[in-house]
Amino acid sequence: MATLVAHEAKPAAAAGAILSMVEQALQAIPFIDVHTHLFQPSLGSLGLWGIDELITYHYLEAELFRSCPLAPEKYFGLSKREKADLIWRTLFVENAPVSEATRGVVAVLNAFGLPTSSPDLREARGFFEAQDLDAHIDHVLKLAGVSEVVMTNDPLDPAEAPQWQGGAQPDPRFRPVLRLDRILNKWPEHWEAIAAQGYRVDANAGNAAEVRRFLADWCRRMRPVYMAVSLPDTFQFSEDSIRARLLAAAVLPACGEFSIPLSLMIGVRYQVNPRLKLAGDGLGSADLRALERLCADYPENRYLVSVLSRENQHELCVYARKFANLMPFGCWWFLNNPSIVEEITRERLEMLGTSFIPQHSDARVLEQVIYKWRNTRRTLAPILANAYQLLAFDGRVPTREEIERDVTRLFRSNFERTIGVSE
Ligand code: FIX
Ligand code: ZN
């Protein structure tokens, strides 16, 4: 390549400096984890943590059955420990843990100074059993560079709902979310649970006002930062369905009343292999015109949106350019792999600047936030730096303050603004 003329030489020299400023900003700024399946301790034993939970994570269960001939039914008949021992032996001893999910477990063990290639889990179990949960939570969030996590709370979950009704103490490290999958996706199976809580609802969901009253009471009880629902790849809006009717007549008005956004996670093919239980879900690309209708017809509502299929990512970016009330977030589930996160994040930076939320962890086990956020910082540093390096080549070298402001926006204030609280 011809020697760079003066103004081109400067940005090239800046390139290295830019990368380290980006890395430092990513390290220094604590993130808000906008979607997890973690639970505050005051919700009892709902929160999963420790080595046996880490190893029996459904991502690893899916990978187990590719390397172990045991029938899923036999596997699910084992105890938690037996399951963990089998997965450790199969995926970490007999095979190299090179997948994103297995590498994650190695990163967690390493973060606590535990051996990563032991023949068994004895030492790791001893370590986790010795932890005091409250102090452990603080330590884990610090290692992950996360100030608070957003939960997934189901008002119809028979184990969780009584905890809230019994006055579960709030915890500033954990922000509640009202999850509506049972109500919007499985009304026939769950309307009686709402009736049992004292609301006049029926099998046809004819009384949307009562559903709205139910949601309002739960908002007052739980103080959620948003309402959320995962939706199939076949999701349509509007349509002649209980889901569409309740969205329009109960959920969106309640979100408006409490000035909180609705999170839509679109593109799941539920239980494509039910023998794998939680590991049995798949994905499909969705018709995002449903999103177009929601954003256009209900402009007062704000939407946090994540889509599961790679094919839908570009459309989502385009819709976000059309609707300011739409905030794309995360590289969800099967997309949470560095090669795909790179692709999605580059496209979003090119099309949306810094007006999106790059990632969430979706952690189901406490210690997962350590590797999921280390991976994110590691993957995003060169992607973000590249965007600034291109800016430098075009004639403007970014300052450290600008980079820190942008990282804060990406991992904190975009979310804070969307949920209606500014930092
Ligand atoms: O719907 C969701 O919130 C999904 O994230 C989960 O259902 C899924 O099982 C998961 O853990 C993805 O990472
Ligand atoms: Zn999730």
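The values are calculated or read from the model by the stated rules, or taken from the named source; none is laboratory data. Note that the coordinates shown come from a computational prediction; the quantities given were computed from them, not determined experimentally. With ideal geometry, Cβ positions are generated from the backbone for all residues, glycine too; neighbour counts draw on all protein chains shown.
Key figures
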{"item": "Where a residue in the range 336-363 is farther than 19 Å from Thr408 by Cα and its partner, wherever it lies, is of a type in the set (Phe, Trp, Tyr), with Cβ under 8 Å and at least six apart", "result": "Asp362/Trp332; Asp362/Trp333"}
{"item": "Checklist (1) under 22 Å from Gly104 (Cα atoms); (2) within 16 Å of ligand 1 (Cβ to nearest atom); (3) surrounded by fewer than 20 Cβ atoms within 10 Å (Cβ to Cβ) applied to Pro274, failing item", "result": "(1)"}
{"item": "Those residues of the range 166-210 which are in a helix (DSSP H, G or I) and within 19 Å of Leu231 (Cα to Cα), in sequence order", "result": "Asp181, Arg182, Ile183, Leu184, Asn185, Trp187, Pro188, Glu189, His190, Trp191"}
{"item": "Residue that is surrounded by the most Cβ atoms within 10 Å (Cβ to Cβ), among those in the range 329-357 that are over 20 Å from Arg103 (Cβ atoms) and within 16 Å of ligand 2 (Cβ to nearest atom)", "result": "Ile357"}
{"item": "Extreme residue, surrounded by the fewest Cβ atoms within 10 Å (Cβ to Cβ), among residues of the range 366-402 that are more than 16 Å from ligand 1 (Cβ to nearest atom) and of a type in the set (Lys, Arg)", "result": "Arg396"}
{"item": "Lone qualifier among Glu210, Glu189 - being more than 16 Å from ligand 1 (Cβ to nearest atom), among the acidic types (Asp, Glu) and closer than 30 Å to Val307 by Cβ", "result": "Glu189"}
{"item": "Qualifying residue in the range 199-218 (condition: under 26 Å from the mean Cα position of the chain (by Cα) and within 16 Å of ligand 2 (Cβ to nearest atom))", "result": "no"}
{"item": "Any hit, the range 301-318, residues being more than 16 Å from ligand 1 (Cβ to nearest atom), more than 20 Å from the chain's Cα centre (by Cα) and among the basic types (Lys, Arg)", "result": "no"}
{"item": "Any chance Ile183 is closer than 21 Å to Thr36 by Cα and of a type in the set (Val, Ile, Thr)", "result": "yes"}
{"item": "Output for the range 221-278, where each listed residue is among the hydrophobic types (A, V, I, L, M, F, W, C) and either at positive phi or in a loop (DSSP other than H, G, I, E, B) (or both)", "result": "Val225, Phe235, Phe237, Phe258, Ile260, Val272"}
{"item": "Residue ID - surrounded by the fewest Cβ atoms within 10 Å (Cβ to Cβ), chosen from residues in the range 114-124 that are over 27 Å from the mean Cα position of the chain (by Cα) and assigned to a helix (DSSP H, G or I)", "result": "Arg122"}
{"item": "The range 340-365, subset within 15 Å of the chain's Cα centre (by Cα) and within 14 Å of ligand 1 (Cβ to nearest atom), residue farthest from Gly50 (Cα to Cα)", "result": "Val341"}
{"item": "Residues of the range 90-99 classified as of a type outside the set (Phe, Trp, Tyr), buried (at least 18 other Cβ atoms within 10 Å of the Cβ) and outside any loop (DSSP other than H, G, I, E, B), total", "result": "2"}
{"item": "Members of the range 322-363 found to be of a type in the set (A, V, I, L, M) and closer than 21 Å to Gly420 by Cα, listed by number", "result": "Ala324, Leu326, Met327, Leu352, Ile357"}
{"item": "Total residues in the range 1-30, condition assigned to a loop (DSSP other than H, G, I, E, B), among the β-branched types (Val, Ile, Thr) and modelled with pLDDT of 95 or more", "result": "1"}
{"item": "Near pairs, Cβ below 8 angstrom, 6+ apart or cross-chain, from the range 264-276 (over 18 Å from Leu247 (Cα atoms)) to any residue that is within 15 Å of ligand 2 (Cβ to nearest atom) and acidic (Asp, Glu)", "result": "Val268/Asp281; Arg269/Asp281; Tyr270/Asp281; Gln271/Asp281; Val272/Asp281"}
{"item": "Qualifying residues in the range 320-333 (those that are assigned to a helix (DSSP H, G or I) and touching a helix residue (DSSP H, G or I) at 6+ places or on another chain (Cβ under 8 Å)) - the one nearest to ligand 1 (Cβ to nearest atom)", "result": "Ala320"}
{"item": "Ala209 being modelled with pLDDT of 95 or more, among the small types (Gly, Ala, Ser) and either buried (at least 18 other Cβ atoms within 10 Å of the Cβ) or under 28 Å from Arg364 (Cα atoms) (or both)", "result": "no"}
{"item": "Residue, farthest from Arg175 (Cα to Cα), within the range 33-61, restricted to residues that are of a type in the set (Gly, Ala, Ser) and away from ligand 2 (no atom under 16 Å from the Cβ)", "result": "Gly50"}
{"item": "Answer from Glu342, Glu350, Glu367 - the residue that is under 30 Å from Ser45 (Cα atoms) and acidic (Asp, Glu)", "result": "Glu367"}
{"item": "Residue check, Ala254 away from ligand 2 (no atom under 16 Å from the Cβ), surrounded by 17 or more Cβ atoms within 10 Å (Cβ to Cβ) and modelled with pLDDT of 95 or more", "result": "yes"}
{"item": "Qualifying position, being under 24 Å from Glu123 (Cβ atoms) and either at pLDDT below 95 or buried (at least 21 other Cβ atoms within 10 Å of the Cβ) (or both), among Asp52, Asp33", "result": "Asp52"}
{"item": "Matching residues in the range 41-89 - criterion: being within 16 Å of ligand 1 (Cβ to nearest atom), under 27 Å from Asp132 (Cα atoms) and either acidic (Asp, Glu) or not in a helix (DSSP H, G or I) (or both)", "result": "Gly47, Leu48, Trp49, Glu53, Thr56, Tyr57"}
